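Everything on this sheet refers to the single structure shown next.
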Amino acid sequence: MAALPTADVDRPSRGGRPRDPSRDGVIRAAILRLLADVGYGALTMDAVAAEAGVGKATIYRRWRTKQDLVVDTISDLNRDVATSPDTGSLEGDLREIMHTLVGVVNGPTGAATLSLLSTVPRHPALADAFENGPLAVWRESFDQVWKNAEARGDITPSFRTSVAAEAISALLVQRWLLTHRPVDDAFADEVLDTVVLPLVRAQA
């Protein structure tokens, strides 16, 4: 992802006072970099302050604990980038959203996510943050694409809840998480043209 995820919603963080939005982006970027570099276990709030170039008090006023800090960061991941395109065609919408997903997995969010995968099962709060944060955001984005396609008559209403729809991003995620082979726009286009669109047409 070219742009770092930031949150425009001005809400109190867990256990702290309302954030100063002007510092949010810098602090979140620092958290993602450190998660990617050292992982959750070695992450410290003091290190976040140093990496972000802010005073320790700035961090401790926002979050009481390291878990609060990471949970809060995860909860807002991808909210700005995982929009639902409306290009006028299902193919155009899917191509755009898959390219956006490629950018995310190759950026700071993807690197931080990979470092957290072994930690999440042992920390229910982190698992909930992923489920209700970025995973929910992407589900909503794809769901809106399907709704737009239904309105145009490109797909039947049953497609949105089909296994085929659920599998749209599976090959990208599999390559990213399991094989560690390159995930780029060319691969996304190949998946779209040879797998996704034939599935859509078969279900239409």
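The values are calculated or read from the model by the stated rules, or taken from the named source; none is laboratory data. From a predicted model like this one, the values you see are computed outputs, not experimental measurements. Don't worry about glycine lacking a Cβ; one is built from the backbone with ideal geometry, like all the others, and counts go over all protein chains shown. When the accessible area is computed, the model is the full protein with side chains, heavy atoms only, and any ligands, DNA or RNA have been set aside. Shrake-Rupley method; radii C 1.70, N 1.55, O 1.52, S 1.80 Å.
Can you give the accessible area per residue of segment 57-204, in Å², using a 1.4 Å probe? Spell out each step's value before the answer.
Values: 7090 Å² over 148 residues.
Solvent-accessible surface per residue comes out at 48 Å².
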(request) Work through the residues other than residue 196 whose Cβ is under 11 Å from its Cβ and net out their charges, Lys, Arg +1 and Asp, Glu -1. (result) -2
(request) Pop out the ³J(HN,Hα) list for segment 147-154 in order, Karplus 6.51 cos²θ - 1.76 cosθ + 1.60 with θ = phi - 60°, rounded to Hz; leave Gly and Pro as x. (result) 4, 5, 5, 4, 4, 7, x, 6
(message) Could you give me D for the chain, from Stokes-Einstein at 10 °C and 1.306 mPa s, where the hydrodynamic radius is the Kirkwood radius over C-alpha pairs? Units µm² s⁻¹, please.
(response) 88
(request) Taking the Cβ of residue 106 as the centre, find all other residues whose Cβ is under 14 Å away and add up their charges (Lys, Arg: +1; Asp, Glu: -1). (result) 0
(request) Could you calculate the contour length gain from residue 178 to residue 99, that is, 0.36 nm times the residue separation minus the distance between their Cα atoms, to one decimal place in nm? (result) 26.5 nm
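Between residue 197 and residue 140, 0.36 nm times their residue separation minus their Cα-Cα distance comes to what?
Details: separation 57, 0.36 × 57 = 20.52 nm, distance 2.01 nm.
Additional length available on full extension: 18.5 nm.
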(request) For residue 131 paired with residue 42, estimate the spin-label separation in nm (one decimal), with each label point 7 Å from Cα along the Cα-to-Cβ line. (result) 3.1
